[in-house]
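In what follows, a single structure is set out as structure tokens and then discussed.
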């Protein structure tokens, strides 16, 4: 069985070894995964034909073990070869995987040997790029098909630095289960480290938590790493109606600053706004032309700049400019007219670089706003425009002097 670039082999012909009493063994699945496991075990008992096997593996089993390719192999002891069959998701074709399995002289022998050594219980093998089996026939075919490596389950990823290996993770805010803390994932090594617990936040700000959420359980929500990876800001959340595609999925409040390097809290602000890090990692940019000092939470308002309302401000890589979207009523426009505003971070200078109707575009439970951001080299600004039936990505490019 293959899930992304992780290979697993199952054999139901032999009795399993004695189950360990170690509590770590039972902590591998949460209660929803355990329920899915029981449903799959029950459904597997009614699988007797190839059609039933296909329906089960591509239906109910996908809820438990996401996979693009399922390779089944039976060894022919007389001929010393394998009878191989692959079940794949469209638009993939099964024959290249079957051929690659038969031709592979590195990954397949290792997988079979590991399976035997593990008393024919499920095993996992990383066949991803950079691993010891990456050049094998089967690993190459998996890579060509775009198979992924699963790094974390039942979490959401937030924002870090694009060229860094660290990605902040947080639990599903409408149903976080056991994942209520702030974790950092190293996408290179696959290591996940808890760097701040939900309980630590509750203990530090007990009065505010009780006033805001009462006795409801909470979780850390949407942590954003500073460019130097030393600090983070985030919200706190309490589950709501349980529907992730609704505004009532959870209640999300506050803005917290925390030093990952020094392991200490920096500030608590009652309002979230639409914060973003300044490139200096010492300052947080906020709506209404505010700069927040991350060390203390002190607020400075930039002079002589237009009020962009609830826009989403972002800084240029050199820290000299800000860009935000805004509705243009205050600039003489209509309620449906929006604009992209570029501002001098020192204040007293701004320019509207684009005006557009933003009342159409993709229809979903969450409206698509322009959200302008600078490119990594600072020469372009990317933003969404909903002036037609589809929301489109627009690019504004700086001309050379």
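Quick grid of which residues meet (1) in a strand (DSSP E or B); (2) modelled with pLDDT of 90 or more; (3) within 18 Å of residue 266 (Cα to Cα):
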site: 146; (1), (2), (3): no, no, no
site: 167; (1), (2), (3): yes, yes, no
site: 173; (1), (2), (3): no, yes, no
site: 177; (1), (2), (3): no, yes, no
site: 188; (1), (2), (3): no, no, no
site: 211; (1), (2), (3): no, yes, no
Practice task
Among the candidates 128, 136, single out the residue that is crowded, with 16+ Cβ neighbours inside 10 Å, within 21 Å of the chain's Cα centre (by Cα), at pLDDT below 90 and not assigned by TED's automatic domain parsing to the domain that holds residue 235.
Solution key: 128
Problem - Number of positions in region 281-297 that are outside any strand (DSSP E or B) and at negative phi - result: 5
Problem - Unmet criterion (only one of (1) surrounded by 15 or more Cβ atoms within 10 Å (Cβ to Cβ); (2) assigned to a strand (DSSP E or B)) for residue 300 - result: (1)
Practice task
Would you mind finding the one in 66, 113 that is in the same structural domain as residue 32 (by TED's automatic domain parsing), surrounded by fewer than 17 Cβ atoms within 10 Å (Cβ to Cβ) and in contact with a strand residue (DSSP E or B) (Cβ under 7 Å, 6 or more places away or on another chain)?
Solution key: 66
Exercise for the section: Could you list all residues from region 326-341 that are surrounded by fewer than 12 Cβ atoms within 10 Å (Cβ to Cβ) and touching a strand residue (DSSP E or B) at 6+ places or on another chain (Cβ under 7 Å)? Expected result: 335
Exercise for the section: Sort out which residues of region 204-223 are over 27 Å from residue 152 (Cα atoms) and surrounded by fewer than 17 Cβ atoms within 10 Å (Cβ to Cβ), and write them in order of number. Expected result: 204, 206, 207, 210, 211, 212, 214, 215
Problem - Complete set of residues in region 240-249 that are over 19 Å from the mean Cα position of the chain (by Cα) and surrounded by 15 or more Cβ atoms within 10 Å (Cβ to Cβ) - result: 240
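Given 252, 230, which one is under 21 Å from the mean Cα position of the chain (by Cα), without any contact (Cβ under 8 Å) to a residue 60 or more places away in the chain and within 27 Å of residue 371 (Cα to Cα)?
230
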Problem - Given (1) at positive phi; (2) within 17 Å of the chain's Cα centre (by Cα), number of the condition residue 214 does not satisfy - result: (2)
Practice task
Test residue 351 against the stated conditions and say whether it is part of a strand (DSSP E or B), over 20 Å from residue 367 (Cα atoms) and either without any contact (Cβ under 8 Å) to a residue 12 or more places away in the chain or not assigned by TED's automatic domain parsing to the domain that holds residue 380 (or both).
Solution key: yes
Completion exercise
Subset of region 178-191, residues surrounded by fewer than 15 Cβ atoms within 10 Å (Cβ to Cβ) and either in contact with a helix residue (DSSP H, G or I) (Cβ under 6 Å, 6 or more places away or on another chain) or within 29 Å of residue 242 (Cβ to Cβ) (or both), comes to 178
Fill in the blank from the handout: A careful count of residues in region 149-165 that are within 18 Å of residue 229 (Cα to Cα) and either in the same structural domain as residue 30 (by TED's automatic domain parsing) or surrounded by fewer than 17 Cβ atoms within 10 Å (Cβ to Cβ) (or both) gives 7
Practice task
Specify which of the listed residues (348, 358) is within 23 Å of residue 275 (Cα to Cα) and crowded, with 16+ Cβ neighbours inside 10 Å.
Solution key: 358
Fill in the blank from the handout: The residue from 217, 244 that alone is under 21 Å from residue 174 (Cβ atoms), at pLDDT 95 or above and part of a loop (DSSP other than H, G, I, E, B) is 217
Problem - Within region 163-181, tally of residues that are touching a strand residue (DSSP E or B) at 6+ places or on another chain (Cβ under 7 Å), over 15 Å from residue 151 (Cα atoms) and in contact (Cβ under 8 Å) with a residue 60 or more places away in the chain - result: 6
Exercise for the section: Kindly establish whether residue 323 is surrounded by fewer than 18 Cβ atoms within 10 Å (Cβ to Cβ) and at pLDDT 95 or above. Expected result: no
Exercise for the section: Check whether at least one residue in region 227-240 is outside any strand (DSSP E or B) and touching a helix residue (DSSP H, G or I) at 6+ places or on another chain (Cβ under 7 Å), and report yes or no. Expected result: no
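The values are calculated or read from the model by the stated rules, or taken from the named source; none is laboratory data. Quick caveat: nothing in here was measured; it's all calculated off a predicted structure. Here Cβ is always computed from backbone atoms with ideal geometry, including for glycine, and neighbour counts include all displayed protein chains.
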